[in-house]
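Below you'll find the structure, written out as structure tokens, and then a few comments.
The values are calculated or read from the model by the stated rules, or taken from the named source; none is laboratory data. Note that this is a predicted model, so its numbers are computed, not measured. For neighbour counting, all protein chains shown are included, and Cβ atoms are generated from backbone atoms with ideal geometry for every residue, glycine included. In case anyone asks, the SASA skips ligands and DNA or RNA and just uses the protein heavy atoms, side chains included. Shrake-Rupley method; radii C 1.70, N 1.55, O 1.52, S 1.80 Å.
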Amino acid sequence: MKWKERVGLAMAVSVVLLTSVLVLDIRYASSGGRAEQTDAGFILPALRHGTARQKEGKQFQRQFLDKQPAVKEPIPENPVIPSQTVNNVELELGVVASNATLNDDDPAAQHSNNEQGSKVDVVRDLLKGKRSQSNNDESYKNAEDNGDLDHLKSQFKDLMKYISPAELSRPVRGNLRELDVTVQRLRNVSLSDDATSWEKFHVSISKEELYHEDDPMIDELLQDMATLEFYNISQKEGGTQLKLVIEFAPGGMAMLKPMRFPREQETLPNHFYFTDYERHNAEIAAFHLDRIMGFRRAPPVVGRLVNMTTELYALATGELLRTFFISPAQNLCFHGKCSYYCDTGHAICGHPDQMEASLAAFLPDKEFVPRKTWRHPWRRSYHKRKKAQWEEDDQYCDQVRQLPPYNEGRRLVDLIDLAIFDFLAGNMDRHHYETLSLFGNQTFPIHLDQGRAFGRPKHDEMSILAPLYQCCLVRRTTLATLLRFHHGPFRLSTLMRKSLARDPLDPILAAGHFVAMDRRVAITLRVIRHCLSRNEADQVIVGLADWKDKISQTGTLEPHALHVIVQIGETKMKRQYQDVRNGSTRDPRYRKGYERPRNVLSLHDIEEFNGNFPEFTRPKNVGSFSLDVHRNYQNDYSELRYLSMPPETSNSGSCKVRFDLRKGVSSVIEKDGESIRQKMLDDLLTWILQERKAEHPSIVDCNHPLKPLLVEFVCYRGLLTMLLSTPYESQENWTILATRFQNSIYFWQLKDNRRNEYNSNPKQQEMSIWGFKFEQYLCASSPEASPNPEEQLNTNAEFCCVLKARIGGHPLLYGAEVDAVTKESQPPFTDLRNFVELKTNRHISNERQHVSFKRFKSMKWWAQSFIVGIPKIVVGYRDDDGVVSRLETMDVDHLRKQSNDWWKSNICMNFCLQFLKFVKECIPKESNPNAHFIFEFDAMSRVITFRNEAGEAGNRNLLPSWYIQSMENPV
């Protein structure tokens with residue numbers, strides 16, 4: 001055989017052997033490191049590196065990931081049966097995982113134990129030789145017998161000694177020494193009076209953070225990005241996925257990431273982290289998470305509903321313009337040019353041309369503020385089979401500590417902050433980071449590019465925390481923040497929901513991600529606890545010594561804080577909360593068994609109201625009155641209107657129409673808001689005196705000489721609607737004025753000045769009139785007449801019915817404006833089923849709008865109709881120009897049922913009942929009828945406070961003197 005033939009044969013044999021090794025490697029890896037007994041002797045020596053590759057992630061999954069009872073995992077065909085039952089001690093050590101047991105027969109476990117510094121080694125030593133030490137920790141005494149551990153119930157009282165109790169109730173502030181070292185100061189620039197929000201943002205960047213905690217400029221910047229007109233667009237060069245650079249008319253710029261799929265769609269289980277799509281909502285949520293954690297290192301991001309026709313297609317040029325097309329579903333689509341997902345099969349489409357997107361504010365130009373890009377030390381391999389060094393070396397952090405800039409200063413602990421931030425968001429895609437060179441090396445890393453976060457809410461990727469568990473280093477302020485999220489008055493999920501509710505695209509995240517964030521907070525705290533069990537606290541917690549020195553110098557933790565004792569498990573822990581004005585506290589999480597102060601009603605946990613639907617009697621119409629075009633009281637039906645649906649209306653109550661709601665808007669006579677505020681309850685009180693004189697048996701006690709009222713509460717329907725919506729209210733505060741007279745309490749809602757400023761916008765004022773114009777198209781002055789939308793619209797006129805109902809044994813009397821009655825009904829309209837509510841709503845064209853409707857508007861529509869007993873709502877669907885093109889009749893009860901995933905009617909009613917009881921407890925029975933009692937709801941703190949303070953109602957009392965004098969004298 002010639003030498004050439006021999007070489008060729010040798011190469012062929014080598015290729016066959018290499019292929020065989022690769023196949024066996026894949027088979028071995030897919031089996032989880034368990035080789036079949038028949039060929040174990042051959043596979044294990046050759047492929048031991050396959051076990052080492054996967055070792056790190058599995059070890060920490062065993063140690064810190066517990067089974068999640070709420071998540072149903074698929075049952076494998078050949079389940080692995082543990083060699084022994086997992087007990088509570090193992091739960092405390094955190095070794096229970098749904099797919100991992102510490103079995104001595106497991107080859108992967110045997111190999112791990114032979115390596116020095118193995119995490120499984122530590123756990124085994126604790127299990128076999130140090131079980132008695134774990135009994136001293138009472139944190140998990142109540143763990144379930146089946147081995148499942150609920151992270152949300154975990155207690156970390158052993159970590160509480162490293163923070164001030166008051167840090168549980170308020171955002172934790174780090175020791176930011178160089179906040180005054182800003183771009184403006186170093187560059188010696190000044191802003192003009194007409195500076196844009198981008199310019200204000202750029203010059204205010206400091207050495208410690210991108211923006212200050214209380215800087216209103218950020219909200220201004222978010223508003224500008226969400227509303228300003230696009231001036232120019234271009235495609236960002238580089239990157240694997242499509243991004244657009246947006247230029248605004250004032251001169252600012254933002255990075256646009258489009259929506260690719262619904263929020264509920266998760267990362268496919270067979271996709272690697274580096275092939276996952278980027279999500280627009282992940283960028284939005286990550287910005288809010290960074291802000292809530294107190295880092296403020298992520299550039300501002302806001303959501304926006306983009307019109308692809310007028311804002312993208314009209315401005316696109318060149319190669320980008322040529323990628324636009326109309327899909328078979330008649331939607332406008334485009335795909336741009338990029339490395340991976342920029343082709344017709346991965347096109348981005350509107351509905352039909354409306355598209356959600358995130359807009360991230362650009363940082364200062366690099367020529368003005370230079371930036372430096374750093375390779376992340378814990379960068380992944382971005383390869384299907386290869387692993388990075390840190391994934392195979394438990395001692396990797398020792399090498400990192402020897403390299404600049406990680407060998408001194410803040411950089412290493414900053415990256416650990418970033419790892420915790422990424423873990424809470426589920427972001428594995430962190431290969432580089434940037435810093436601002438203007439501030440040198442002792443500055444923060446910028447939190448950029450979180451598009452692949454929030455992809456798998458049911459999976460907790462422990463390897464993201466590698467910098468934390470390999471270095472065992474964490475800031476004390478970061479630890480305090482995590483404990484505040486876990487033990488404080490608001491969990492991280494609650495804070496995120498409130499913060500994200502401000503975004504124009506809310507809801508931003510699917511519900512599972514909020515649960516995941518709370519779970520991951522507990523997991524991170526368990527990792528920190530594990531580090532503290534192996535090292536001295538001063539070696540793990542950065543800033544602990546300075547904090548102790550501060551405590552020793554001041555001699556106290558919080559001299560002006562209010563101490564509250566809270567029962568947790570079998571121990572008592574002292575918490576501190578900040579005082580608020582007049583001595584009432586804002587955020588206590590009161591538990592059963594402790595007396596709630598009389599001046600506070602908490603809504604921290606609305607599940608407290610998730611009981612049976614309270615007793616509620618069907619409302620009874622006991623009278624009515626009219627207010628004419630000058631808002632003068634009329635004891636008649638003169639302003640009653642009759643519903644007149646178009647002739648083509650179907651039996652289901654729907655039809656196509658064309659109602660122009662902007663017609664005649666310029667000549668409309670609007671309600672006099674100041675007159676309404678001054679009159680308050682006067683019209684309803686006039687009706688009461690009228691019925692008292694007539695000795696109405698349902699209203700007054702005819703056997704009593706003074707004929708007092710037979711009701712406990714008197715108000716208008718709008719206030720009751722507001723109360724029913726309060727458990728789910730996260731944006732608007734409210735203030736109620738109350739007074740007690742004889743045996744009744746009278747309510748009046750004081751208007752919010754911020755809401756008035758919002759309605760002062762010309763566009764909002766016009767839209768507020770559209771509802772009245774819609775009524776003019778469908779309502780007639782008599783059963784025989786037809787609607788006349790041509791006549792001048794006067795919004796002062798209204799017809800009001802007075803109803804009596806009973807909730808939880810408390811009788812209520814309230815007035816309610818009625819839009820219309822059916823033509824078949826006759827006075828005195830005792831059958832409330834003849835009443836009809838009229839509403840307008842923007843056309844629902846995508847899933848986000850549908851969810852938003854069910855989550856917010858449907859609840860208020862239901863509350864407003866249910867409290868009066870109205871069974872039907874006629875809805876006119878309009879466009880942005882105020883043209884109604886379709887009518888639909890909604891069933892009020894069906895409205896409740898279809899929105900049950902977002903709000904619950906029993907919670908609404910139970911809270912309303914609890915509030916009425918709270919009011920009765922607060923207001924003295926023998927109080928002066930001229931005394932004012934104020935009830936205030938703060939949507940952010942979720943607390944209702946009470947105080948007795950005069951002068952809040954304006955220039956007059958809630959109850960006028962003529963009413964008091966009449967009620968105090970016999971009829």
Checklist entry - How much of Trp374 can a 1.4 Å solvent probe reach, expressed as accessible area in Å² and rounded to 10? => result 30
Item to check | Distance (nanometres) between label positions extended 7 Å along Cα→Cβ at Glu670 and Glu790 | outcome: 2.7
Checklist outcome for this item: Once amide hydrogens are built 1.01 Å from N within the peptide plane, the residues lying 5 or more places from Leu750 or on another chain with amide H under 5 Å from its amide H are Thr735, Ile736, Leu737
Checklist entry - Rounded to a whole number, what % of the accessible area of segment 361-445 do carbon and sulfur atoms account for, probe 1.4 Å? => result 45
Item to check | Distant-in-sequence amide H partners of Glu356 (H built 1.01 Å from N, under 5 Å) | outcome: Met259, Val306
Checklist outcome for this item: Heavy-atom accessible area of Ser204, protein chains in place, probe 1.4 angstrom, given in Å² to nearest 10, is 40
Checklist entry - Nearest-5 percent of antiparallel DSSP beta bridges in segment 742-900? => result 75
Item to check | Greater than 18 Å apart at Cα, pairs in Lys773/Lys839; Lys257/Lys337; Lys854/Lys897; Lys236/Lys337; Lys804/Lys839; Lys207/Lys243 | outcome: Lys804/Lys839; Lys207/Lys243
Checklist entry - Each residue of segment 297-311 in turn: what ³J(HN,Hα) in whole Hz from Karplus with 6.51, -1.76, 1.60 and θ = phi - 60°, glycine and Pro shown as x? => result 10, 9, x, x, 9, 9, x, 8, 8, 9, 8, 5, 6, 8, 9
Item to check | Theoretical gain in end-to-end length, Glu178 to Ser845 [0.36 nm per residue, Cα-Cα removed] | outcome: 235.2 nm
Item to check | Modelled FRET efficiency - R0 22 Å, Ala511 with His894, Cβ distances, 0.05 increments | outcome: 0.45
Next on the checklist: Using a 1.4 Å probe on the protein heavy atoms, what percent of the accessible area of segment 892-968 belongs to carbon and sulfur?
Outcome noted: 43
Item to check | Packing-based order for 904-910, 401-407, 840-846, using average beta carbon neighbours within 10 Å, highest first | outcome: 904-910, 840-846, 401-407
Next on the checklist: Could you tell me the calculated FRET efficiency between Gln402 and Gln731, based on Cβ-Cβ distance and R0 = 51 angstrom, to the nearest 0.05?
Outcome noted: 0.50
Item to check | Gain upon complete extension [Gln765, Glu607; 0.36 nm per residue less C-alpha separation] | outcome: 53.2 nm
Next on the checklist: Can you give the FRET efficiency to the nearest 0.05 for His431 and Lys366, using r as the Cβ-Cβ distance and R₀ = 22 Å?
Outcome noted: 0.65
Checklist entry - What's the carbon and sulfur percent of segment 152-220's accessible surface, probe 1.4 angstrom, rounded to a whole number? => result 45
Next on the checklist: Please list, ordered by chain and number, the residues whose modelled amide H lies under 5 Å from the amide H of Lys823; skip anything fewer than 5 residues away on the same chain.
Outcome noted: Leu643
Checklist outcome for this item: Residue-ordered couplings for segment 615-622, obtained by feeding phi - 60° into the Karplus form 6.51 cos²θ - 1.76 cosθ + 1.60 and rounding to whole Hz (Gly and Pro as x), are 4, 9, 6, 4, x, 10, 7, 9
Item to check | Label-point gap, in nm, between Trp3 and Asp901 - each point 7 angstrom along Cα→Cβ | outcome: 7.4
Item to check | Residues of segment 603-720: accessible area per residue with a 1.4 Å probe, Å² | outcome: 52
Checklist entry - Which peptide among 831-839, 703-711, 819-827 comes first, and what is the full order, when sorted by highest mean count of other Cβ atoms within 10 Å? => result 831-839, 819-827, 703-711
Checklist entry - In terms of the Cα gyration tensor, with a ≥ b ≥ c the square roots of its eigenvalues, is segment 789-880 rounded because a/c is under 1.5, prolate because a/b exceeds b/c, or oblate? => result oblate
